[in-house]
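The values are calculated or read from the model by the stated rules, or taken from the named source; none is laboratory data. Keep in mind it's a predicted model, so treat the numbers as computed, not measured. All Cβ positions, even for glycine, are placed from backbone atoms using ideal geometry, and neighbour counts span all protein chains on display. Just so you know, the surface numbers come from the protein's heavy atoms only, side chains and all, with ligands and any DNA or RNA stripped out. Shrake-Rupley method; radii C 1.70, N 1.55, O 1.52, S 1.80 Å.
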Amino acid sequence: MSRSFRWLPHEGRRHAVSARLEVRDEGVTLCGIGLVVPSSPAYPQWCWPTCAGCDLAWREHEGIQPYPRPTGRGLEESGR
Ligand SMILES: [Zn+2]
């Protein structure tokens, strides 16, 4: 399954951008912030909170339900 987006730390939040962006490309996050893709984000930046705007837009695009997610019960039919 191909991913449409990748996550980048930017100004205290992790934002989603198009997966087609390469390092040093200028892009726009799902929440509308312009940024330049960093070459190698430092580890602590990956601990930054996820941008709520990007998260919501990403979930809508990927068809993922907002939290709380189903735990799996009821999703798989037993077929009996
Ligand atoms: Zn964002």
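Brief remarks on what is shown
- Criterion violated by Leu35 - all others in (1) modelled with pLDDT under 90; (2) open to solvent by less than 60 Å² (accessible area, probe 1.4 Å); (3) not hydroxyl-bearing (Ser, Thr, Tyr) satisfied: (1)
- Where a residue in the range 1-25 is without any contact (Cβ under 8 Å) to a residue 40 or more places away in the chain and its partner, wherever it lies, is open to solvent by 60 Å² or more (accessible area, probe 1.4 Å) and part of a strand (DSSP E or B), with Cβ under 8 Å and at least six apart: Val17/Arg6; Val17/Val28; Ser18/Arg6; Ala19/Arg6; Leu21/Arg6; Arg24/Val36; Asp25/Val36
- Arg6 being under 21 Å from His61 (Cβ atoms) and within 10 Å of the chain's Cα centre (by Cα): yes
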